[in-house]
Amino acid sequence: MNFSVTILGSGAALPTKNRMPTAQYVNCNNRHFLIDCAEGTQLQLRKYKINFQKISHIFISHLHGDHYFGLVGLLSTMNLLGREKELFIHGPKELQDFIMPMLRFGGARLAFNLNFIALNTTDKIKIYEDPVLEVHSFPLKHKIPTCGFIIKEKKKALKINPKKIKEKNLKIEHFKALQNGKDIILENGEEISFKDVTLPPTDVLSYAYCSDTKKNLKVVEFIKEVTVLYHEATFLIKDQKRANSTFHSSTKDAALIASKANVKKLVVGHLSSRYKTNDAHTEELQNLFTNSQVAEDGLCIDLAKEQSRS
Ligand SMILES: [Zn+2]
């Protein structure tokens, strides 16, 4: 099983030759998602060798251009390459009003179904679910209505310890209850505790995305103890005032949220183009939150590795 996140764009509003604006590709147990879709996202997907026709759901956090201006181009390319599989786009309700006329004026007739699903920008809401994972959106604090997202695996069924099958004379029909954490009584009256015959549970992995937002302590309850938190840190501490006035965060804000939420790892991104290198961000973070990293375009985060490292 695989749960990885590829950072396609780690910069803020202005694209530079080193950092593209925001987009992320998530592969969670062969579910393929895109979070935000800035200008140039389709090129970044190609550059990092990601098969974008597999993407089934796109989550757009808000309607500042550096988070969705790449959508029309990506949809158009998907269509030109013969896509037939339907696609779901979760975003602010006005998104559809922008995208559909763009496609129509260009004469594009999509050969696949495009479904827009409006996000609720005031509460935490479940927006996707299947047998192995769930996606929730939750409100952030930005200049316009904005959502963060959390992708979380469901609790996995326990594995039966093969050594115990013979020892306890377990049969297939006993497995399901034990794997779901229930004790059973055998036909001969023997009580079997699931703890005695199953292997230790595997970790449930989770990924939270918070961009763009000013420091918002309310978010802490939504992202408690996630494996990896991606939080924007557009600014350094010396530019805290600018962070506040533009409804963005500093490294200090991001680290505070990570620390209060007790996340395993913090990755910061959405770096302002005013900083020519990420050295100062890295230095500040080291002193604020030990297990942290500044995102680069192309960074691939393996959540299972992050979980086992801590
Ligand atoms: Zn924004």
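Here the chain carries DSSP beta bridges of which approximately 55% are antiparallel, counting only pairs with both residues inside.
For residue 225 and residue 86, a Förster radius of 45 Å and the Cβ-Cβ distance give a FRET efficiency of 0.85, rounded to the nearest 0.05.
For the pair residue 283 and residue 102, a Förster radius of 35 Å applied to the C-beta separation gives a FRET efficiency near 0.25, rounded to the nearest 0.05.
Per residue, region 40-191 exposes an accessible area of 57 Å² to a 1.4 Å probe, with every protein chain left in place.
The lysines whose alpha-carbon is closer than 17 Å to the alpha-carbon of residue 93, local same-chain residues fewer than 8 away aside, are 124, 126, 143. For the chain, give the percent of accessible area contributed by carbon and sulfur heavy atoms, probe 1.4 Å, rounded to a whole number. Its accessible area is 51 percent carbon and sulfur atoms.
Find the all-direction average of the projected area of the Cα convex hull for region 145-243, expressing the result in square nanometres with one decimal place. Working shown, then result.
On the way: hull surface 38.0 nm².
Computing the convex hull of the Cα atoms and averaging its projections yields 9.5 nm².
Please compute, over every Cα-Cα pair in the chain, the percentage with a separation greater than 35 angstrom.
Values: 12795 of 47895 pairs.
Tail fraction, whole percent: 27.
Measuring between their Cα centroids, region 268-310 and region 185-211 lie 33 Å from each other.
At most 14 other Cβ atoms within 10 Å and a DSSP loop assignment: could you name the chymotrypsin sites (Phe, Trp or Tyr not before Pro) in region 1-42 that fit?
Values: sites: 3, 25, 33; in loops: none.
Passing sites in region 1-42 do not exist.
Magnitude of the charge dipole for the chain, about its Cα centre and with charges confined to Cβ atoms of Lys, Arg (+1) and Asp, Glu (-1), is about 260 debye.
The values are calculated or read from the model by the stated rules, or taken from the named source; none is laboratory data. Since the model is a prediction, treat every value here as computed from it, not as a measurement. Ideal geometry is used to build each Cβ from the backbone, glycine not excepted, and the neighbour counts take in all protein chains shown. What goes into the accessible areas is simple: the full protein's heavy atoms, side chains included, and nothing from ligands, DNA or RNA. Shrake-Rupley method; radii C 1.70, N 1.55, O 1.52, S 1.80 Å.
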